[in-house]
Each structure stands twice: as structure tokens, then as C-alpha cells.
Amino acid sequence: MSEERSGLSAEELFARGDERTYDDFTLLNTQFSETDKCNVSLTTDLGKGVVLRVPVMASPMDSVTSPRLAIALARLGGIAVIHYNHKDAEGRPNIGKQVEDIMQVKRSQNGFIEDPLVVAPEMTIGQVIELGNKNREPEEAIRTFPVTENGQSHGRLVGLLRREDYFLGSRTNLKVKERMLGLDGLIVGDSTMDLERAREMIWQEHIKSLPIVDREGNLVYLVTRGDMEKSEQFPFATTDKSGKLQVLFAVSTWPESYERVEKGFAAGADGVVVDTSQGFGRHPLEMLKYIADRHLGKLLIGGNISTSEAARELARLDFVDAYRCGQGSGSICTTADAIGIGRAGATAIYECARAVHESRSKMVTIADGGIRFAGDIVKALALGAGAVMVGSMLAGSDECPGEKKLDERGRQIMEYWGMGSKKANVGGEARVRDYGNHEEGIVRRVPYKGKLGKHFPAVVDALLHAFEVSDCRSIADLHNGVSQGEVRFGLRGPAAVMESRPHD
Ligand code: XMP
């Protein structure tokens with residue numbers, strides 16, 4: 001006689017066709033655990049060289065994804081998508097600002113810095129300081145500059161201007177050539193050395209920066225102690241082959257996006273998200289095809305979708321690496337009511353991920369919208385997602401755009417708004433012209449959470465703990481356990497949900 005199993009398999013949980021969301025169920029502790037959380041890997045491979053050690057992505061929203069947030073999240077093992085809602089002084093869309101954000105992330109941490117900020121001997125110290133501050137937070141400003149004869153990135157190296165060579169507030173009209181350390185006293189590396197050797201040289205010679213030159217004395221790279229330390233401090237960081245943090249960017253399906261795609265990739269982005277709430281249609285498909293034709297080596301993310309029909313269509317295309325799954329489930333969304341079309345988050349993930357799997361596609365499902373707790377991430381992964389995309393979980397972080405304020409009761413809060421809200425006014429005039437101006441999102445207050453590096457590690461720790469309890473060492477283990485009916489689910493009603501929260 002076979003032993004009775006607790007709860008339901010995923011198939012049984014969704015068999016009746018009722019719409020289910022994260023609160024409707026829990027995972028059950030049916031596995032005897034032999035796993036220790038220090039042996040758990042949360043790694044997920046989105047494709048095209050973008051591998052996350054923590055499967056969490058920041059949504060392209062102008063109340064969430066500043067370059068500071070993108071840097072902080074990538075250092076912790078996730079990745080952010082830079083939004084496209086920057087505007088100029090007249091409120092018109094500004095592509096240049098999105099490009100600057102991408103560049104700020106790519107420049108924040110390097111192994112070999114291929115394109116360091118370089119200055120010319122005739123520049124004034126004041127001009128150099130301004131250059132170093134450009135597009136950076138004060139604590140991240142660049143203060144050391146290789147000096148090349150012609151001021152070009154890969155020109156002949158003639159010196160190094162270090163932080164100790166000048167004051168920030170006085171004598172700033174002196175010329176670089178009067179204060180730089182010239183070639184005579186400068187230690188340089190040669191272009192055949194690898195990163196380890198360069199790091200060892202920095203250590204042995206007690207220096208902060210090592211310019212690396214070719215046989216003709218032209219600058220090839222810069223290696224800095226600061227970057228070395230950052231990579232030691234953040235061993236799980238999401239980096240590309242040259243040690244730079246990775247970042248994605250969003251484009252709409254409007255004609256201006258063709259220019260955005262080219263400029264975003266030219267700025268060094270590692271992938272792109274075609275960002276639309278209705279990703280199953282002609283316009284998003286045309287944009288996906290345009291990008292795949294020109295940038296096949298880069299990560300391409302489609303969506304948002306929520307049905308198996310749409311998932312099968314994206315899978316059939318064969319060039320979409322991942323897709324955002326969720327329509328109307330976000331915490332600031334009103335789409336499902338505004339237009340009467342949407343889907344409960346858990347059902348969307350289960351159905352879409354299953355359709356993709358049955359299509360024998362490797363496309364990664366990104367659960368997007370409605371994730372409030374680490375436990376919701378675990379549930380989304382169990383239903384077939386490879387990663388989650390979040391807004392509210394990150395909103396209120398110190399690195400998010402916007403100011404922290406005090407509410408009526410003296411609590412520190414920040415504002416978080418939907419991209420379909422009037423406040424976001426995505427596209428400015430263009431939106432009104434093309435779509436009218438009905439709202440599909442709202443503005444919310446969220447508690448100020450402090451720095452991401454302080455509050456986010458607790459989320460990661462909770463994920464590791466859940467994997468330990470479920471006796472799964474990886475996301476693939478969890479997926480297998482669910483598809484074989486070994487990982488079990490408990491369906492719960494409103495009283496059970498109340499019981500799972502603090503009782504008064
Ligand atoms: P959470 O729940 O993480 O959701 O705050 C973030 C996701 O919500 C989507 N989004 C919107 N959906 N109207 C919508 O219907 C909006 O104004 C809106 N803004 C964002 C988006 O998928 C995001 O990742």
C-alpha cells in the first residue's frame with residue numbers, strides 16, 4: 001500500500017483552474033532535510049553570460065531603479081533594469097540620461113578598466129574635479145586619472161594625477177602637468193600581465209592605481225586598489241568577464257526605442273527588457289525581432305505575459321532568453337481593474353513556466369509583481385520561475401530615487417509609484433497622444449528601509465533557509481522536486497492566511 005502524501009502536488013493545486021496567488025498556498029515541510037544552507041546555491045542563468053547568484057531583479061521603475069540601486073543590487077548578486085522614464089527640463093523623454101545611468105553602473109567597479117577617465121596635461125585641476133564628479137555620487141567620484149599626451153583614452157601615457165596631488169577646494173586653476181606624477185616616478189604594468197599579477201603588483205609596490213601600457217607606451221588599462229577591494233568585499237557580485245557590474249535597460253515599444261536600443265548597448269549594457277504591460281502582440285514582437293537581429297549576443301527579455309498561449313508564442317520565437325510573467329499583480333497595479341484583464345500571480349507563473357517547459361524551450365520565467373516577502377520568492381521559484389522581479393520589496397531603500405519624508409506619525413517614508421500612474425507619466429506627451437491618459441497604477445507610501453546592503457541580505461538568508469528546509473540545493477532541484485510531485489503544497493483560506501501573520 002502506498003503511503004499517503006500530505007497536501008497537493010503543484011498539478012493538483014492548479015487543477016481546478018481557480019486563479020491562485022501567493023497567499024493561497026504554502027509549501028509543506030514533507031522532505032527530511034539532509035541539506036545545510038551553506039551548501040545551497042541560488043544561482044540562476046538568465047542567458048548570454050548574465051548569471052545571478054541571487055535570483056532577484058529590480059524592476060525598471062523610476063521610483064526604484066537609480067544607478068545607485070543598480071550598483072548595490074548587482075554587488076549583492078542580483079541585477080537591475082534601468083528604466084526609460086528620464087525626462088528633460090521640458091518633460092520630454094531623455095535618452096541621454098538613461099545612457100548615463102547605464103554607464104555609471106558599468107564604470108562603478110572594474111577589473112581591468114578598459115576606458116578609464118583620462119585627462120590631458122594642459123587641463124586645470126578644476127576641470128578634472130568636475131569630470132570626476134560627473135554622473136556620480138560624491139562618495140563614488142573618481143579622483144585618480146591617468147594623464148595621456150593627447151588626453152585620449154588610449155594615448156601615450158605621460159603621468160598619473162592622484163588624489164594626493166591636489167586639493168578639492170583650492171589651487172584648482174593649476175594645470176595637471178604641474179601636479180601629476182610623471183613617468184619617472186610612476187610604476188606601470190605591461191599589457192601581457194593578467195589581473196592576478198596586476199593585483200600582486202599593487203600589493204607589492206604599495207600603490208593605489210596601476211596604469212598598464214603597451215610596448216609603445218600607450219595606455220591600455222587601469223587597475224585600482226579600490227576595485228580589488230570591492231571584488232573581495234562582494235564575492236557574489238553580478239559581473240561580466242572583465243569584472244564590471246552587469247546591468248540591463250528597458251525600452252518601450254515606441255519608435256524612439258530603436259535609438260534607445262543602439263545607445264544602451266553602446267553604453268555597455270548587458271541586456272535589454274522590452275518593457276510593456278501587454279507583451280503578447282505585434283508591437284512588442286517587432287521590437288524583440290529588431291533587437292535579436294542586431295544584438296544576438298545580448299540578453300533579451302520579453303513580456304509581460306500571463307497565459308500559456310503567450311508563453312508558447314515567445315518560446316516559439318527561439319531568440320527570447322527570458323520573459324516577465326505577471327499582468328496586474330504588482331502592488332501598485334490597477335491594470336486588472338482598469339482594463340479588466342490580468343491574472344493572479346501564482347497561476348500565471350505555473351501556467352506559463354509549464355508551457356515553456358513543454359515547448360522544450362530554455363526561456364527563463366521571471367515572476368514579476370506581487371512579491372512581498374522572501375517566502376513569495378520561494379513560492380514563485382517552486383512554481384517554475386528562475387528569478388523574480390520586484391518593485392515594492394526594494395522601494396524605500398536609501399538608494400532609490402526620491403526623498404525620504406516623515407508621515408503624520410513621524411515615521412520615515414518614501415513614495416513608490418506605478419509606471420502606469422499619472423505621477424510617472426511615462427513618455428510624457430507621447431503617452432497622452434498614443435494611448436490617452438487613463439491610469440493603470442497608483443502612488444503608495446512605503447517605509448524607509450535604509451541601505452540595500454543592510455536590509456536585503458536578510459531576504460537572501462531567508463531564501464537559503466527555505467531551500468535547506470525543502471532539502472533542495474539549487475533552483476533546479478526545487479523544480480525537479482515540484483515536477484515529480486515530491487515538493488508538496490497546502491491550499492489555504494483567509495483564516496489560514498490570518499494565522500500565518502502576527503496575531504494582533
Ligand atoms: P511589485 O508588487 O513588486 O510590482 O511592487 C512591480 C511590478 O509591477 C508592474 N508595474 C505596473 N503594473 N501598473 C501596472 O499594472 C503600473 O503602473 C505598474 N508599474 C509597474 C511591473 O511589472 C513591476 O515589475
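The values are calculated or read from the model by the stated rules, or taken from the named source; none is laboratory data. Quantities reported herein were computed from a predicted structural model and do not represent experimental measurements. Ideal geometry is used to build each Cβ from the backbone, glycine not excepted, and the neighbour counts take in all protein chains shown. Protein only, heavy atoms only, side chains kept; ligands, DNA and RNA dropped before computing areas. Shrake-Rupley method; radii C 1.70, N 1.55, O 1.52, S 1.80 Å.
When you scan the stretch 126-133, do you find a residue that is touching a strand residue (DSSP E or B) at 6+ places or on another chain (Cβ under 6 Å), among the β-branched types (Val, Ile, Thr) and under 28 Å from residue 254 (Cα atoms), even just one?
no
Out of the stretch 445-504, which residues are acidic (Asp, Glu), outside any loop (DSSP other than H, G, I, E, B) and modelled with pLDDT under 95?
499
Could you tell me whether the stretch 205-216 includes any residue that is under 23 Å from residue 75 (Cα atoms), acidic (Asp, Glu) and not in a strand (DSSP E or B)?
no
Conditions (1) hydroxyl-bearing (Ser, Thr, Tyr); (2) open to solvent by 10 Å² or more (accessible area, probe 1.4 Å); (3) within 16 Å of the ligand (Cβ to nearest atom), marked per residue:
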{"position": "63", "(1), (2), (3)": "yes, no, yes"}
{"position": "68", "(1), (2), (3)": "no, yes, no"}
{"position": "102", "(1), (2), (3)": "no, no, no"}
{"position": "105", "(1), (2), (3)": "no, no, no"}
{"position": "108", "(1), (2), (3)": "yes, no, no"}
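So which residues in the stretch 100-136 are outside any loop (DSSP other than H, G, I, E, B), closer than 30 Å to residue 427 by Cβ and either among the small types (Gly, Ala, Ser) or out of contact with any His (no Cβ under 9 Å at 6 or more places or on another chain) (or both)?
Within the stretch 100-136, 102, 103, 104, 105, 106 meet the criteria.
What is the residue count in the stretch 24-48 for residues that are open to solvent by less than 70 Å² (accessible area, probe 1.4 Å) and closer than 16 Å to residue 384 by Cα?
Selection size over the stretch 24-48: 7.
Among residues belonging to the stretch 178-196 that are of a type in the set (Gly, Ala, Ser) and not in a helix (DSSP H, G or I), point out the one that is most open to solvent (accessible area, probe 1.4 Å).
Among those residues, the one meeting the criterion is 191.
Considering only residues that are open to solvent by less than 40 Å² (accessible area, probe 1.4 Å) and of a type outside the set (A, V, I, L, M, F, W, C), look in the stretch 8-23 and name the one that is farthest from the chain's Cα centre (by Cα).
Top of the filtered list is 9.
What is the number of the single condition among (1) more than 29 Å from the chain's Cα centre (by Cα); (2) exposed (fewer than 14 other Cβ atoms within 10 Å of the Cβ); (3) of a type in the set (Lys, Arg) that residue 208 does not meet?
The number of the failed condition is (2).
Looking only at the stretch 354-411, how many residues end up being under 19 Å from the mean Cα position of the chain (by Cα), hydrophobic (A, V, I, L, M, F, W, C) and open to solvent by 40 Å² or more (accessible area, probe 1.4 Å)?
1
Would you point out the residue of the stretch 282-315, among those that are within 16 Å of the ligand (Cβ to nearest atom) and in a loop (DSSP other than H, G, I, E, B), that is most open to solvent (accessible area, probe 1.4 Å)?
307
Working carefully through the options 70, 10, 89, find the one that is more than 30 Å from residue 242 (Cα to Cα) and either among the β-branched types (Val, Ile, Thr) or touching a residue at least 24 places away in the same chain (Cβ under 8 Å) (or both).
It is 10.
Of all residues being out of contact with any helix residue (DSSP H, G or I) (no Cβ under 9 Å at 6 or more places or on another chain) and outside any helix (DSSP H, G or I) in the stretch 217-237, which is most open to solvent (accessible area, probe 1.4 Å)? Just the residue, please.
235
Taking the stretch 316-333 as the search range and keeping residues that are crowded, with 21+ Cβ neighbours inside 10 Å and of a type in the set (Gly, Ala, Ser), which one is nearest to the ligand (Cβ to nearest atom)?
Residue satisfying both the conditions and the ranking: 330.
Under the condition of being β-branched (Val, Ile, Thr) and surrounded by fewer than 24 Cβ atoms within 10 Å (Cβ to Cβ), which residue from the stretch 334-353 is modelled with the lowest pLDDT?
The selected residue is 335.
Counting only residues that are touching a Lys or Arg at 6+ places or on another chain (Cβ under 7 Å), give me the helices (runs of 4 or more DSSP H) lying completely in the stretch 335-442 with at least 2 of them.
The helices (runs of 4 or more DSSP H) meeting that bar are 345-358.
For the subset of the stretch 334-344 comprising residues that are more than 8 Å from the ligand (Cβ to nearest atom) and out of contact with any Asp or Glu (no Cβ under 6 Å at 6 or more places or on another chain), which member is nearest to residue 45 (Cα to Cα)?
Out of the qualifying residues, it is 343.
If we scan the stretch 260-277, do we find a residue that is outside any loop (DSSP other than H, G, I, E, B), surrounded by fewer than 23 Cβ atoms within 10 Å (Cβ to Cβ) and more than 21 Å from the chain's Cα centre (by Cα)?
Looking through the stretch 260-277, none of the residues is outside any loop (DSSP other than H, G, I, E, B), surrounded by fewer than 23 Cβ atoms within 10 Å (Cβ to Cβ) and more than 21 Å from the chain's Cα centre (by Cα).
Would you check if residue 142 is in a loop (DSSP other than H, G, I, E, B), out of contact with any Asp or Glu (no Cβ under 9 Å at 6 or more places or on another chain) and within 22 Å of residue 104 (Cβ to Cβ)?
So residue 142 passes the test.
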